[in-house]
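As structure tokens, the structure follows; a few thoughts come after it.
No value in this document is a laboratory result; all are computed from the given coordinates. From a predicted model like this one, the values you see are computed outputs, not experimental measurements. As a convention, Cβ positions derive from the backbone with ideal geometry for all residues, glycine included, and neighbour counts pool all protein chains shown.
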């Protein structure tokens, strides 16, 4: 389990991260969403032990990560723009990682070779951007670490490759409780990938939740009464958004879906429709509630 | 107990694998410089004399038309750049620090890799040279070979460690190479050029040569470039070289550990070094700019000061631009005005008070002895012939007061050097030049009547007659060589007598004879000269009778 | 076996629950039959295994399936639940139709007549 608590990180006068609290359970696929400049990369770099927290801590199983070789052996960080040594072939790069990570598995490397179908003797610098990404994911998975941190990993992969990579990662999660931390500014991408999600904006975590809870917890209700909308509804429901067009009222409500449904049914509506929101819509409304302009956060 | 894991090999091996080619290249260069040359000598069957000369030539840094020190520097710095670029570039720095390797291990492994890359070429070439020497017939001392290769290793190593230091504190490769190069020359440059600048502002100041060669331990490049070549290994030298390497290593190590990884996107990774860089650049740019312009236009103090202001501004602005990575930094000039303020205060103190520079002559009772001459001779200032006579000292002081009055007179008619040695051990050195008029001649003639002045200025008075080997006499267009003892005696007497009785002096131009005394070689020791020969030149005025007497057989 | 709509607004794990419930109710999955393993589903659908696991846990909580550790998940004897579910579903449907009828101006007595007719029909069948 990775725990981040009260984490602050400054670049000179600029506060890149402010009081971040996260709990990343073992074996989860944990998504960090935010726009460019929100602090995703800084957060990932702190979690992976590149940056030292200015305040607070980032720990894995109760051990600080920064400059802790023992703990860092258990994690691997895939940079958004993957680094490889100039002139190195895939094989050479693999043997470099092999010399550093004891957990490296030749078997995984060989297996993945069949999946990615890239010639291992090719120089990485000669590969296309998408292929470079595949290579780094191939290598990252061969390392067999407990934790994999991926910064915007699926950018530049085609749809088929994306599915493949996801499949492989899911397999690892299932097989050996691999913990994956993944950042993206693309909500859609994370929606069917992660089981937990943290939304980060200008250095703060706005929301951290199980993705399904997040989805269950906020929904759209469309209803119509023959008369006026009963007062009790507006009083008892946590309404984020309200729209009236003719007889039909649309609420976006936060809270328990069943309760809200029962409450409205009590007044015998002539129309009642409950629609789940897409993650993107949830995002917009959560942000709106937190007082952010949605344009600044959405992408 | 957790198993402590050391990560020695991966980084080291990886770096060696990536950069062995640099080591191979260096080996090749050294091979061209020493073993190949020796082989050439053998194949050409040169004679022993030439061989000895060539030996000297081989075991110096004069190869590649004198560019050898520069090549050694470039190789050292390339190795540093190659190895340490990984921690200067954002991407690779993030990468290596995300791996389970401690900063300490990264640093030590990289330095170690550099040491190996440098050591191997020196070692291989040493072995090859030894083999050639042992097989052939070339009389080379083994200590010379060892000395050369150990010193080459040490020099390369120090330059490499400098490169490492600047790799830790800068993130721009060009700046890195430039600063590593500049740091070797900057102290010498500041001393030399700063001296020249001071001479423009204070023309009567006599610059002293300051020896910076003890800096060779930490800045070997300029020592190598100066043609002083390969230092000899002594216990003291070795200890100091090792200390300097240890110092460079420790300094870089501590800074690397302290360096924050997020600061990698700054040009200079430590704020306090920003200031060092900024003000050094400002100062140097001030000196260069003002010297070039003042030298070009040959103008006075005011214009030089204006050039200083412009030059320092340029330096400050450019360094600020480099640090901030912005073109427009006009809102960050506070530091420049502080610098300017300090410089102006310094200038005012320099020009108007005796705090930094003594404008007024010393008091007679402060002075122990004085050097005064129309020519400058460093050796004599340290000799025992200085003027100690109180009366003459008073005369010299009053002469100096008279000369100070000629502040804006810059003629070439008269010149005089005055060096006071004070009772408290201080020295005041002055040089005056201008059209000082008859008053100056009168005063100088008065001073020149003093016997100590004579001994100081006319070397021939300090020479025994018996040590003179021969005399060349230039009279009119003719040159006569005089070897006859009697005649030598005669000329010697005339000259000495003339000086002693104030018939001649070195003040005016009214002479017609140029006398060149050559001293016997076996008397060199007597006059504290270890090599070469002694010749004494004297200008005198002789009437024709005397000349005819001397020349006629 | 299960088709999911990844673009749907309905959370994936709810979709899984609903689909499996559906299969059980329609008796495509019979009592004590083994459900597809998490791995199989995850690979087949490219779904986060944690999501599938969570859906299975929810199904277990609701009594549709039971787990034998080390073996997998199996369909629970769910006749009673299924009936309840079905009744609930029918009630919903009737209610909907009745509403429609009301809008079209049908009277209360007309509904009662339909009920009586239906009862008779059922008895007649016997």
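See the values below:
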quantity: Sum of -39500 (n - 2.57) over DSSP H runs of 4+, divided by residues of chain A (222 nm, nearest 500); calculated: -10000 deg cm²/dmol
quantity: 0 to 90° range, to nearest 10: angle between helix B:68-84 axis and chain B longest Cα axis; calculated: 30
quantity: Calculated P(r) tail over 24 Å for the range A:38-128, as whole % of Cα pairs; calculated: 35
quantity: Per-pair calculated FRET efficiency, R0 = 51 Å: residue B:254 and residue B:527 via Cβ, rounded to 0.05; calculated: 0.40
quantity: Ratio of the Cα radius of gyration of the range A:217-297 to 2.2 N^0.38 Å, where N counts its residues; calculated: 1.11
quantity: Theoretical gain in end-to-end length, residue B:485 to residue B:233 [0.36 nm per residue, Cα-Cα removed]; calculated: 85.7 nm
quantity: Alpha-carbon Debye profile of the range C:80-125, log10 I(q)/I(0) at 0.13, 0.19 Å⁻¹; calculated: -0.40, -0.75
quantity: Separation of the residue C:9 and residue C:122 label points, Cα + 7 Å toward Cβ, nm; calculated: 3.7
quantity: Label-point gap, in nm, between residue A:99 and residue B:240 - each point 7 angstrom along Cα→Cβ; calculated: 3.9
quantity: Chain B - percent relative contact order, Cα under 8 Å, separation 6 or more; calculated: 10
quantity: C-alpha long axis of helix C:49-61 to longest principal axis of chain C, angle in °; calculated: 50
quantity: Mean separation of Cα contacts under 8 Å (6+ apart) over length of chain A, as relative contact order %; calculated: 20
quantity: Residue A:87/residue B:191 FRET efficiency (R0 51 Å; Cβ-Cβ; nearest 0.05); calculated: 0.70
quantity: Near-label residues of the range A:136-173 by backbone N, under 14 Å of a point 7 Å along Cα→Cβ of residue A:119; calculated: none
quantity: Three-way shape label, the range B:220-298, alpha-carbon gyration tensor, a/c 1.5; calculated: oblate
quantity: Segment residue B:43-residue B:354, length gained on full extension (0.36 nm per residue, minus Cα span); calculated: 105.2 nm
quantity: Sorted by Cβ neighbour density within 10 Å, fewest at the top, the residues B:308, B:470, B:122; calculated: B:470, B:122, B:308
quantity: Percentage of interatomic Cα-Cα distances in the protein assembly as shown larger than 57 Å; calculated: 43
quantity: Taking the C-alpha atoms of the range C:1-73, convex hull volume expressed per residue in Å³; calculated: 87
quantity: Residues B:239, B:138, B:387 arranged by fewest to most Cβ contacts within 10 Å; calculated: B:239, B:138, B:387
quantity: Stokes-Einstein D in µm²/s, Kirkwood radius over Cα pairs - chain B at 10 °C with 1.306 mPa s viscosity; calculated: 55
quantity: Förster radius 60 Å - calculated FRET efficiency between residue B:365 and residue A:67 (Cβ-Cβ, nearest 0.05); calculated: 0.30
quantity: Residues B:515, B:482, B:301, C:119, sorted so that the one with the fewest Cβ neighbours within 10 Å comes first; calculated: C:119, B:301, B:482, B:515
quantity: DSSP-defined antiparallel bridges as percent of all bridges, the range A:2-213, nearest 5; calculated: 55
quantity: DSSP bridge pairs, the protein assembly as shown: antiparallel proportion in percent, nearest 5; calculated: 80
quantity: Crossing angle, helix A:257-266 versus chain A [Cα axis fit, 0-90 degrees, rounded to tens]; calculated: 10
quantity: Relative contact order %, the range B:123-210, counting alpha carbon pairs below 8 Å whose residues are six or more apart; calculated: 15
quantity: Convex hull projection area averaged over all views, chain A, Cα basis, nm²; calculated: 18.2
